[in-house]
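The structure under discussion appears below in the form of structure tokens.
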Amino acid sequence: MNTNNINDLIEGDRPKFIKLIKDLAEEYQLTIKDMLLVLQASVEDYESYSDFPNYERHRVTGTIRNKNTKRVLKPNSQGQVKLRNGFASQWVMQTKNI
């Protein structure tokens, strides 16, 4: 899809697009600005965890994702996500500071 098609898609249903971004930001407990950063993030924007090699943290937003599937983990009501390494697991805060 080229840039013109993307712009047409966004402008064609702008309110729906904005609502989608807001809903995603709310679901992952991020600001709308941070959600947009996550969506446009490249591979270099993530750092690996040494104790949990299957997970990465975004350098800007602190969002944590599975390294293999690229699925962003959804935090619990306290802003924590659970990382697992075999039988070991640990709850970590999803924060902007690395």
Conditions (1) modelled with pLDDT of 90 or more; (2) under 20 Å from Leu39 (Cα atoms); (3) exposed (fewer than 13 other Cβ atoms within 10 Å of the Cβ); number of the one not met by Glu56 | (3)
Scan (1) surrounded by fewer than 13 Cβ atoms within 10 Å (Cβ to Cβ); (2) part of a helix (DSSP H, G or I); (3) of a type outside the set (Phe, Trp, Tyr); (4) modelled with pLDDT of 85 or more for the single condition Glu47 breaks and write down its number.
-> (2)
Taking segment 1-26 on its own, how many of its residues are acidic (Asp, Glu) and modelled with pLDDT of 85 or more?
-> 2
For Lys82, all conditions in the list (1) in a strand (DSSP E or B); (2) modelled with pLDDT of 90 or more; (3) within 14 Å of the chain's Cα centre (by Cα) hold save one; what is the number of the exception?
-> (3)
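Let's see how each residue does on (1) part of a helix (DSSP H, G or I); (2) under 13 Å from the mean Cα position of the chain (by Cα); (3) free of Cβ contacts under 8 Å to residues at least 40 places away in the same chain:
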| site | (1), (2), (3) |
| --- | --- |
| Ile18 | yes, no, yes |
| Ile21 | yes, yes, yes |
| Ala25 | yes, yes, yes |
| Glu56 | no, yes, yes |
| Pro75 | no, yes, no |
Looking only at segment 59-68, and only at residues there that are closer than 19 Å to Leu37 by Cα, among the polar types (S, T, N, Q) and assigned to a loop (DSSP other than H, G, I, E, B), the one that is modelled with the lowest pLDDT = Thr61
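The values are calculated or read from the model by the stated rules, or taken from the named source; none is laboratory data. Remember, it's a predicted structure, so these values are computed and weren't measured experimentally. Note that each Cβ is placed from the backbone with ideal geometry, even for glycine, and that neighbours are counted across all protein chains shown.
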